[in-house]
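The values are calculated or read from the model by the stated rules, or taken from the named source; none is laboratory data. All figures in this text were calculated on a predicted structure; none of them were measured in a lab. Every residue, glycine among them, receives a Cβ derived from its backbone with ideal geometry; neighbour counts consider all protein chains shown. Side chains are part of the model used for accessible areas, which takes the heavy atoms of the whole protein and leaves out ligands, DNA and RNA. Shrake-Rupley method; radii C 1.70, N 1.55, O 1.52, S 1.80 Å.
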Amino acid sequence: MAEAVEAAKAKVKKPRATAPAKEGAEPAPVKAVKAVRRNRRSESTILGIFDATEAVVLESGADRVNILDVCQTAGISRGTFYRYFSSQDDLLDAFSRHRRDRFHAALIEATAPYADPDERFDAVLRFVDDYLERGNARRLLVVAPEYAMRWLQRIFPDSVIRFQDVLGPVFDAWESRAGIKIDRELTCELLVRYILSEILVPAGPERRSLPRRLERMFAMLMQGRVSRR
């Protein structure tokens, strides 16, 4: 009897061991497609929430942002909102990062087509002029001054770095032509502060001459042989 039991056990097939997944292995194609689609929907929803937040902030101010107003403007439910943001503060913090990243992305997009240093410099001037003409930073400063000031302070150091990156080829050309060493960080800081001054204290009709004024500012820096001490 015992021998029969042992023989029966021997005939039972043991489950085949599953080979461990190789490190870095790609997921199954079907799952990968679903993940991409889900991410795209999430990104679209988040961008819609940010657009709605901007509309609400510009209308009522950051201190009076109501989650229900944001949901109604974005056309989503509160449940969908809380899938991505835990609170009003979380939303405003993410919205600030979004505005900063959008500004920097627009700067890169506006200058990327220009390899020639002079053309790139002109593209930077046009970008600054267009931002001051069409941007809503001044409106934000009026309706939500505390939030706007915090945002400007937050974007300032990043903007100095971004302008250094974008103007790198321009500085290279200027240094080669004039045989000087430019303090790039200081020069870009002056540029960003100039933009902020135009937001805080608009120049009025004279602002249309902003590109030429910026050109003169950089020309003076060149003549002064700007260098780090």
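Things worth noting here:
- Phe163 vs. criteria open to solvent by less than 20 Å² (accessible area, probe 1.4 Å) and within 16 Å of the chain's Cα centre (by Cα): yes
- Pairs meeting the criteria (first residue in the stretch 64-77 and polar (S, T, N, Q), second residue in a helix (DSSP H, G or I), beta carbons under 7 Å, at least 6 apart or on different chains) are Thr73/Ala52; Thr73/Ala55; Thr73/Val56; Ser77/Cys71.
Conditions tested, residue by residue: (1) more than 30 Å from Val160 (Cβ to Cβ); (2) open to solvent by 50 Å² or more (accessible area, probe 1.4 Å); (3) more than 22 Å from the chain's Cα centre (by Cα); (4) at pLDDT below 90.
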position	(1), (2), (3), (4)
Glu3	yes, yes, yes, yes
Glu23	yes, yes, yes, yes
Val33	yes, yes, yes, yes
Asn39	yes, yes, no, yes
Tyr82	yes, yes, yes, no
Phe103	no, no, no, no
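- Single residue of the stretch 168-188 satisfying the filter (open to solvent by less than 10 Å² (accessible area, probe 1.4 Å) and touching a Pro at 6+ places or on another chain (Cβ under 9 Å)) that is farthest from Leu107 (Cα to Cα): Phe171
- Total residues in the stretch 105-133, condition open to solvent by 50 Å² or more (accessible area, probe 1.4 Å), among the hydrophobic types (A, V, I, L, M, F, W, C) and over 25 Å from Asp51 (Cα atoms): 2
- Test result for Glu43, out of contact with any Cys (no Cβ under 7 Å at 6 or more places or on another chain), closer than 21 Å to Ile199 by Cβ and open to solvent by 50 Å² or more (accessible area, probe 1.4 Å): no
- Applying the criterion of being farther than 19 Å from Ser159 by Cα and in contact with a helix residue (DSSP H, G or I) (Cβ under 8 Å, 6 or more places away or on another chain) to the residues of the stretch 185-207, the residue that is modelled with the lowest pLDDT is Arg207.
- Residue within the stretch 86-99 that is within 18 Å of the chain's Cα centre (by Cα), part of a helix (DSSP H, G or I) and hydroxyl-bearing (Ser, Thr, Tyr) present: yes
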